[in-house]
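I have placed the structure first, in the form of structure tokens, so that the comments after it can refer back to it.
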Amino acid sequence: MKKAGQPSFLSRVSRDKYLLILLLPCALYYLIFKYVPIFGIIIAFKDFNLVRGISESSWVGFKYFKMFFNTPDFWPVLRNTFLLGFYKLVIGFPAPIILALLINEVRKSFLKRFVQTVSYLPHFISNVVVAGIAVMFLSPTGGMINNILHAIGFEKINFLVEASWFRTIYISTDIWQHIGWGTIIYLAALTGIDPQLYEASRMDGANRWKQMKHITLPGIAPAIVIILILDIGKILEIGFEKVYLLATPATYSTADIISTYVYRIGLTQGNYSYATAIDLFTGIISFIFIISANTFSRKVSGSSIW
């Protein structure tokens with residue numbers, strides 16, 4: 001029921017029509033590419049046949065889920081995916097926070113803008129180019145990294161065929177590519193901190209380190225918590241492209257993750273129901289992670305997404 005004096009729905013739409021128009025492309029994107037495809041998850045419970053279509057394909061229940069759980073590839077693929085996501089969270093999550101704090105301490109505006117611009121640029125480079133750069137730098141013949149190792153007296157390493165190096169390569173390239181973009185949120189949060197707090201702390205004799213510890217970090221804590229919750233929910237959602245481009249048959253023991261496994265099962269072998277079941281399983285686990293992280297954060301810190 002509308003309260004007295006409250007504008008009607010149509011009047012609010014008319015008042016905010018330009019803001020709604022700006023929101024429309026984003027809403028259409030999520031509607032078309034995120035919500036409409038949800039209908040396709042029923043393939044995971046059917047023996048999907050391209051000729052018969054989704055509606056005419058026979059139901060098989062949890063057959064493909066059981067098949068995935070019982071396959072010898074289940075634990076290796078799940079372990080590789082989880083470890084890659086876990087290392088990305090532990091090492092990659094603090095990186096933009098540290099960079100944002102360092103940029104915030106720079107007093108010369110020209111230098112600050114230069115560092116921001118240089119750190120943002122890799123985010124706009126495609127994963128194909130990033131993987132190509134990594135391959136060139138790590139080449140055992142003319143790669144810069146191996147040339148440096150050889151110059152200081154170490155033997156050259158063929159990084160791309162060493163399974164033990166794959167996670168390091170992936171995490172390093174991911175941090176380099178996205179660290180600058182990740183600082184945008186934290187730099188925006190820093191602008192919301194009252195400058196008078198810094199002035200009062202200086203009058204009380206607080207140095208830069210104490211100001212960062214007692215003012216800056218608490219000021220951006222809500223943003224840190226929200227990003228952390230979202231990143232925890234994406235632990236198993238490792239991107240396909242970069243892993244596929246950097247992985248080689250020699251590194252499959254650490255590089256084969258759920259998304260590459262789904263690619264081989266779904267597109268290469270044409271088993272769409274099996275691939276959909278695996279993806280649905282991943283989505284459920286990610287949902288559990290984000291719900292758990294949000295509940296824990298709300299109880300411990302009072303900050304949460306909802």
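The values are calculated or read from the model by the stated rules, or taken from the named source; none is laboratory data. Quantities reported herein were computed from a predicted structural model and do not represent experimental measurements. As a convention, Cβ positions derive from the backbone with ideal geometry for all residues, glycine included, and neighbour counts pool all protein chains shown.
Here are a few things to note about the model shown:
- Of all the numbered requirements in (1) under 30 Å from ILE193 (Cβ atoms); (2) within 16 Å of the chain's Cα centre (by Cα); (3) not aliphatic (A, V, I, L, M), TRP306 misses one, and that requirement is (2).
- Taken over segment 38-72, the residue count meeting the criterion of being modelled with pLDDT of 90 or more and either assigned to a loop (DSSP other than H, G, I, E, B) or among the hydrophobic types (A, V, I, L, M, F, W, C) (or both) is 14.
- Segment 218-245 residues that are over 19 Å from THR282 (Cα atoms), paired with ones that are among the hydroxyl-bearing types (Ser, Thr, Tyr) and loosely packed, with under 15 Cβ neighbours inside 10 Å (beta carbon under 9 Å, 6 or more apart): ALA221/SER301; PRO222/SER301; VAL225/SER301
- Test for VAL36: is it of a type outside the set (Ser, Thr, Tyr) and surrounded by 10 or more Cβ atoms within 10 Å (Cβ to Cβ): yes
- Residues of segment 240-269 classified as in contact with an Asp or Glu (Cβ under 9 Å, 6 or more places away or on another chain), part of a helix (DSSP H, G or I) and surrounded by 17 or more Cβ atoms within 10 Å (Cβ to Cβ), total: 8
- Across segment 57-98, the qualifying residues are those that are of a type in the set (D, E, K, R) and over 17 Å from ALA255 (Cβ atoms), and the one among them that is nearest to the chain's Cα centre (by Cα) is LYS66.
- Breaking point among (1) assigned to a loop (DSSP other than H, G, I, E, B); (2) of a type in the set (Phe, Trp, Tyr); (3) surrounded by 14 or more Cβ atoms within 10 Å (Cβ to Cβ), for TYR170: (1)
- Condition met for GLY132 (farther than 19 Å from GLU237 by Cα, modelled with pLDDT of 90 or more and either within 16 Å of the chain's Cα centre (by Cα) or small (Gly, Ala, Ser) (or both)): yes
- Test: residue in segment 69-82 that is surrounded by 17 or more Cβ atoms within 10 Å (Cβ to Cβ) and hydrophobic (A, V, I, L, M, F, W, C): yes
- Of all residues assigned to segment 39-58, at least one qualifies as being surrounded by 10 or more Cβ atoms within 10 Å (Cβ to Cβ) and in contact with an Asp or Glu (Cβ under 7 Å, 6 or more places away or on another chain).
- Any chance ILE220 is closer than 13 Å to ALA100 by Cα, touching a helix residue (DSSP H, G or I) at 6+ places or on another chain (Cβ under 6 Å) and of a type in the set (Val, Ile, Thr): yes
Yes or no, residue by residue, for (1) free of Cβ contacts under 8 Å to residues at least 12 places away in the same chain; (2) of a type in the set (A, V, I, L, M, F, W, C):
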residue: VAL60; (1), (2): no, yes
residue: PHE65; (1), (2): no, yes
residue: PHE68; (1), (2): no, yes
residue: TRP75; (1), (2): yes, yes
residue: ASN80; (1), (2): no, no
residue: LEU84; (1), (2): no, yes
residue: LEU89; (1), (2): no, yes
residue: PHE93; (1), (2): no, yes
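- When the criteria are applied in full, ALA200 meets the requirement of being loosely packed, with under 15 Cβ neighbours inside 10 Å and either of a type in the set (Ser, Thr, Tyr) or in the same structural domain as PHE93 (by TED's automatic domain parsing) (or both).
- Filtered residue count, segment 90-121, keeping only those that are of a type outside the set (Ser, Thr, Tyr) and either within 21 Å of LEU230 (Cβ to Cβ) or not in a helix (DSSP H, G or I) (or both): 15
- Only one of TYR30, TYR87 that is outside any loop (DSSP other than H, G, I, E, B), modelled with pLDDT of 90 or more and not assigned by TED's automatic domain parsing to the domain that holds TYR170: TYR30
- Test for THR191: is it free of Cβ contacts under 8 Å to residues at least 12 places away in the same chain, within 22 Å of LEU89 (Cβ to Cβ) and either surrounded by fewer than 18 Cβ atoms within 10 Å (Cβ to Cβ) or outside the structural domain of PRO94 (by TED's automatic domain parsing) (or both): no
- Candidate set from segment 93-133 (those that are closer than 21 Å to LEU160 by Cα and among the small types (Gly, Ala, Ser)); member that is surrounded by the fewest Cβ atoms within 10 Å (Cβ to Cβ): SER126
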